[in-house]
Amino acid sequence: MDNDDRKTMPQLIGKVILTFCRLYLGGWMVVSGTSYWRTALGMSPIFPQPFGTLPASNELLVTMVHTQFFHIVKTCEILGGLSLILGIFVPVGLLMLLPVSFVVWYNAIILNHRFDKMFTPYMGVGCLYMNLILMVWYIKYYLPMMTFKTTIGRISDWKKLPRIFKSDTVDLI
């Protein structure tokens, strides 16, 4: 192994780990969303929807189902998950999944009083951590949104939209 290989090996390992996280999080979200929709459409679920072990957790989840808010959540899981699996619009997919991941974490840790599981490897907490880690690695796509003082765009800015589909990188300014 020469000197150049040693420099790129950590980068390669990092890329493999991040790709695994992206695909795993995306797959988990697609399966979770699909399982719910199968039930909503009268089919058997891939796995049963957990409804929490403590009253606050149960109340949150049951209310989300009864108000049909879960329709929105589970659709976001599928769309965001597909975005991660297919590797398209990944920064938007991660943003879409962030509130979902946070609520899953909040329910698992706070509402179910499982503070001992805060750093254990299960998806009740892992989905938020993977989501945040991936967002850090896609930071270059979020930085342009962090403009302190912005101006409103123009209708003509819509003409720039086709450029998004022609390139791996976007320079819309």
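Only the coordinates and a few stated rules stand behind these numbers; no lab work does. In this text, all values refer to a predicted model and were calculated from it rather than measured experimentally. Glycine gets a Cβ as well: all are built from the backbone with ideal geometry, and neighbour counts include every protein chain shown.
Take the Cα of residue 49, step 7 Å toward its Cβ, do the same at residue 92, and the gap between the two points is 2.6 nm. Relative to the dominant Cα principal axis of the chain, helix 69-86 is inclined by about 40°.
Length gained on full extension, residue 149 to residue 132, computed as 0.36 nm times the residue gap minus the Cα-Cα distance: 3.6 nm.
The packing ranking, built from the mean of other Cβ atoms within 10 Å per residue, places the peptides 85-95, 153-163 in the order 85-95, 153-163, highest first.
Over all directions, the average projected area of the alpha-carbon convex hull for segment 3-164 comes to how many nm²? Intermediate values should be presented prior to the final figure.
Values: hull surface 56.7 nm².
Mean projected area for segment 3-164: 14.2 nm², to one decimal.
Estimated at 0.36 nm per residue, the fully extended path between residue 163 and residue 38 surpasses their Cα-Cα distance by 41.3 nm.
Quote the FRET efficiency, to the nearest 0.05, computed for residue 59 versus residue 118 with a Förster distance R0 of 22 Å and r equal to the Cβ-Cβ distance.
0.50
With axes computed from alpha carbons, what is the tilt in degrees of helix 123-137 against the longest principal axis of the chain, rounded to the nearest 10 within 0 to 90? Helix 123-137 sits roughly 10 degrees off the main axis of the chain.
When the helices of the chain are scored as -39500 (n - 2.57) per DSSP H run of n ≥ 4 and the total is divided over every residue, the value at 222 nm lands at -20500 deg cm²/dmol.
Can you give the extra length, in nm with one decimal, that the chain gains between residue 24 and residue 142 once fully stretched, where that is 0.36 nm per residue apart less the Cα-Cα distance?
Extra length available between residue 24 and residue 142 comes to 40.3 nm.
When the chain is treated as a Gaussian network with alpha carbon springs shorter than 10 Å, the biggest mean-square fluctuation among 17, 152, 46 belongs to 152.
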